[in-house]
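In what follows, a structure is listed as structure tokens, so that the remarks can point back to it.
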Amino acid sequence: MLYHVRMDVHLPPDLAPAERGDIIAREKEYSQKLQREGRWPHLWRIAGEYANFSILDVADHDELHALLSGLPLFPYMNIEVTPLAMHPSKIAD
Ligand SMILES: O=C(O)C[C@H]1C=CC(=O)O1
């Protein structure tokens, strides 16, 4: 199943720089593993915001929730999920 996901990151301004760097490094490693596995096929920065639009490709809502709640930045994110269905006018790739 495909999901369109918007993630807005809100790190506390008083977070220690070393902790901030560690969380961001772990987030990068986690997201790149999922990209290599094909479960995170699109990751786009929203220009001018500390936010992204992503397309995630997972089996079901439960796998999606496990993936999202495993993000090192999860405690600092607002996340909006939109499930995607086939459009009847879409031509084949
Ligand atoms: O920077 C972000 O948009 C948050 C997050 C999503 C993937 C990643 O590496 O960081």
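The values are calculated or read from the model by the stated rules, or taken from the named source; none is laboratory data. Keep in mind the model is a prediction, meaning the values are calculated, not measured. Here Cβ is always computed from backbone atoms with ideal geometry, including for glycine, and neighbour counts include all displayed protein chains.
Restricted to the range 25-55, and to residues there that are of a type in the set (D, E, K, R) and touching a residue at least 12 places away in the same chain (Cβ under 8 Å), the residue that is farthest from LEU67 (Cα to Cα) is GLU49. Among the residues here, LEU56 does not qualify as touching a helix residue (DSSP H, G or I) at 6+ places or on another chain (Cβ under 9 Å), assigned to a helix (DSSP H, G or I) and under 27 Å from ASP22 (Cβ atoms). When ASP62, ASP22, ASP8 are checked against the criterion of being within 16 Å of the ligand (Cβ to nearest atom), part of a helix (DSSP H, G or I) and not hydroxyl-bearing (Ser, Thr, Tyr), a single residue qualifies: ASP22.
Per this entry, ARG45 is counted among residues that are loosely packed, with under 11 Cβ neighbours inside 10 Å and modelled with pLDDT of 95 or more.
If you take the residues in the range 28-53 that are out of contact with any helix residue (DSSP H, G or I) (no Cβ under 9 Å at 6 or more places or on another chain) and within 7 Å of the ligand (Cβ to nearest atom), which one is farthest from LEU73 (Cα to Cα)? If we take residues in the range 28-53 being out of contact with any helix residue (DSSP H, G or I) (no Cβ under 9 Å at 6 or more places or on another chain) and within 7 Å of the ligand (Cβ to nearest atom), then ARG45 is farthest from LEU73 (Cα to Cα).
Against the condition out of contact with any strand residue (DSSP E or B) (no Cβ under 6 Å at 6 or more places or on another chain) and β-branched (Val, Ile, Thr), how does VAL58 come out, does it pass?
So VAL58 fits the description; yes.
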